[in-house]
Amino acid sequence: MRIALILALTFAVSCKADETARAYGAGGKTWTLTEIDGQPFNAMASLSFPEVDKIAGRGPCNGFSGTMSVPYPWFKTGPLRSTRRACPALGDETRYFTALQDMTLIEVLGDVMILKNEKGREMMFRAAD
């Protein structure tokens, strides 16, 4: 009886539907950051949704990963883990990571993805070719 209950609970958890942005057009693509707050972002930075409840990407200097499990259209990262390589674009990377963690909404429109928040901040990404 106890084993049947454990198996049923395990099955129920594994069948959880993906309600994150990944299931609404953001998954299966690598997104390249093009703008922060309407200003071009000239350093290379990317974001992807490789698995349910996970995000990953690259800043101008370092790779990162983290969690993101809120339902679409909400956006909220968990703590980001990144490598710790120094490079000349570290200021751009700090700007990217800070903005990313400040976003609260996500909108996916084909090959354009917009992250924004209630303060009027915005990040624009384009799907990489």
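The values are calculated or read from the model by the stated rules, or taken from the named source; none is laboratory data. Model, not experiment: these values are computed from the prediction. FYI the Cβ positions are ideal-geometry reconstructions off the backbone, even for glycines, and counts take in every protein chain you see.
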Here is a check on your reading of the model: is THR77 not in a loop (DSSP other than H, G, I, E, B) and not aromatic (Phe, Trp, Tyr)? no
Just checking, does region 65-74 include any residue being among the hydroxyl-bearing types (Ser, Thr, Tyr), more than 19 Å from the chain's Cα centre (by Cα) and modelled with pLDDT under 95? no
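Sort through ARG85, ARG126 and tell me the only one that's basic (Lys, Arg) and farther than 30 Å from ALA17 by Cα.
The unique qualifying residue is ARG85.
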Positions within region 17-39 being surrounded by 10 or more Cβ atoms within 10 Å (Cβ to Cβ) and either at pLDDT below 85 or polar (S, T, N, Q) (or both), in sequence order: THR20, THR30, THR32, THR34
Tally up the residues in region 61-101 that are out of contact with any Pro (no Cβ under 7 Å at 6 or more places or on another chain), of a type outside the set (S, T, N, Q) and over 18 Å from ALA43 (Cβ atoms), please. 11
